[in-house]
Ligand SMILES: Nc1nc2c(ncn2[C@@H]2O[C@H](COP(=O)(O)OP(=O)(O)OP(=O)(O)O)[C@@H](O)[C@H]2O)c(=O)[nH]1
Ligand SMILES: [Mg+2]
């Protein structure tokens with residue numbers, strides 16, 4: 001541990017507040033305590049003390065010393081709670097930085113040290129990162145749960161169960177007694193089914209939670225006057241866009257971030273697409289198509305009274321070239337007779353039929369958007385919910401799912417179980433250098 005810098009950072013948000021917390025971690029912590037408090041602090045006790053530069057009191061503070069290894073980082077640590085405001089904490093930090101080998105911490109460096117000192121698994125560190133970056137309450141709660149190590153525990157449980165199964169399979173390979181074989185195969189079959197169910201449960205949770213940690217993009221596209229701006233206002237419960245009976249109301253792309261049942265979503269309202277000579281409208285149309293290409297999903301609206309015409313088909317095929325995830329919805333169903341609607345529905349079974357104005361089938365709309373988002377993840381989010389983790393677990397599931405329980409296939413069963421375990425260990429692996437080097441810690445905020 002020698003020659004490692006002692007790192008110093010503000011641990012509370014920048015700006016004004018009643019109290020600021022400064023954190024130090026490293027070998028020189030005791031030196032900092034001696035220099036500025038001129039007394040010994042017992043570990044894990046709060047002291048009300050003066051932070052002094054020579055004999056001048058800079059601030060009266062509460063200080064807690066955490067002796068290694070019983071600290072967040074596993075190193076000697078000190079937390080100083082000084083009076084709030086950037087001037088005071090900066091004064092104190094500047095003084096501490098005068099001590100040998102003390103420097104400012106990089107983002108996430110405390111957690112990185114905690115990880116390197118085996119204080120937390122990479123999975124926990126990643127969950128912590130997800131917690132810090134959570135955009136909605138649901139995201140924060142899900143991150144908190146996985147940070148508590150539950151997911152790690154569940155994964156370790158499956159890993160253990162598969163290992164147990166492998167041992168039974170290997171043992172069976174050495175037997176030729178028929179009774180033992182029948183009993184053994186039954187027991188293996190049960191163990192395999194249990195593991196499959198458990199992996200599937202964890203996988204589902206990962207997929208669901210994953211949506212919470214990235215802001216998905218939804219682009220609303222359609223011809224003029226189909227209700228795009230009305231939909232944005234409805235979903236965001238806000239007057240984001242101007243709604244008007246005049247076609248061509250929206251010219252620019254308007255966006256708003258909101259929580260769709262806890263899932264952070266940025267929704268984009270776009271200009272209605274039609275053939276036009278109006279240069280501003282033309283530009284709006286180009287922007288709308290660009291937005292459709294970069295969104296996770298496109299909601300395509302048409303007016304149910306007009307039906308899907310040639311122009312819609314052309315626009316849709318244009319969008320489809322860049323984005324396959326299109327939820328098509330017919331709006332304004334309040335304007336047509338029930339019997340007519342039933343006929344149109346029968347001919348367009350895939351579409352969703354709604355009335356934004358009269359709030360018909362709008363819950364279905366919200367659920368459909370969420371369902372589409374789940375299967376339309378574009379960018380790889382950070383942390384536990386990384387696409388790679390999902391792929392590894394998926395692979396583990398496939399391996400186990402592919403097992404034929406048969407006495408003549410014991411070697412193949414053992415091999416598939418081994419592969420499943422290998423994939424689970426990729427998610428669990430504490431020493432996954434690639435992930436560490438890819439800078440997961442740099443996504444953390446300063447002071448964490
Ligand atoms: N009857 C009925 N009218 C609706 C419904 N949804 C929207 N409208 C009306 O349709 C008109 C156009 O709505 P907007 O939301 O401005 O449509 P838009 O697609 O954004 O239009 P542009 O920006 O011009 O492309 C407004 O008068 C809305 O009140 C609906 O479900 N039923
Ligand atoms: Mg509009």
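Values for this structure:
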read-out: Potential extension, residue 391-residue 67 segment - 0.36 nm per residue separation minus Cα distance; value: 112.6 nm
read-out: Rounded, prolate or oblate (a/c below 1.5 giving rounded, otherwise prolate when a/b exceeds b/c) for segment 215-374 by Cα gyration tensor; value: rounded
read-out: Residue among 264, 86, 107 with the largest mean-square fluctuation in a Gaussian network model of the chain, springs linking Cα atoms under 10 Å; value: 86
read-out: Distance (nanometres) between label positions extended 7 Å along Cα→Cβ at residue 367 and residue 34; value: 6.8
read-out: For the chain: relative contact order, % (alpha-carbon pairs under 8 angstrom, 6 or more apart); value: 17
read-out: Over segment 215-374, relative contact order from alpha-carbon pairs under 8 Å, at least 6 apart, %; value: 23
read-out: 343, 119 arranged by Cβ crowding within 10 Å, fewest neighbours leading; value: 343, 119
read-out: Degrees between helix 362-374 axis and first principal axis of the chain (Cα, 0 to 90, nearest 10); value: 60
read-out: For a label point 7 Å along the Cα-to-beta-carbon line of residue 19, residues of segment 38-76 with backbone N under 20 Å; value: 41-52, 58-67, 71-73
read-out: DSSP bridge orientation in segment 133-272 - percent antiparallel, rounded to nearest 5; value: 60
read-out: Linear extension gain, residue 257 paired with residue 279, 0.36 nm per residue minus alpha-carbon span; value: 5.1 nm
read-out: Gain upon complete extension [residue 305, residue 247; 0.36 nm per residue less C-alpha separation]; value: 19.3 nm
read-out: Helix 178-210 axis, angle to the chain major axis (alpha carbon atoms, nearest 10°); value: 80
read-out: MRE, 222 nm, helices only [DSSP H, n ≥ 4, -39500 (n - 2.57), over the chain, to nearest 500]; value: -15000 deg cm²/dmol
read-out: Using a Förster distance of 51 Å, the FRET efficiency for residue 347-residue 183 (Cβ separation, nearest 0.05); value: 0.30
read-out: Choice from 247, 125, 114 showing the highest fluctuation, given a GNM over the chain with Cα pairs closer than 10 Å; value: 247
read-out: Rounded tilt (10° steps) of 387-401 against the dominant C-alpha axis of the chain; value: 80
read-out: FRET efficiency for residue 293 and residue 48, using Cβ-Cβ distance with R0 set to 56 Å, rounded to 0.05; value: 0.40
read-out: Tensor-based shape of segment 33-164 (alpha-carbon gyration tensor, a/c under 1.5 rounded, otherwise prolate or oblate); value: prolate
read-out: Prolate/oblate/rounded call for the chain, Cα gyration tensor, a/c under 1.5 rounded; value: oblate
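We did not get these values from a lab; they are worked out from the coordinates using the rules stated. Since we're looking at a predicted model, the values are computed, not measured. Quick reminder, even Gly has a Cβ in these numbers, built from the backbone with ideal geometry, and neighbours come from all protein chains shown.
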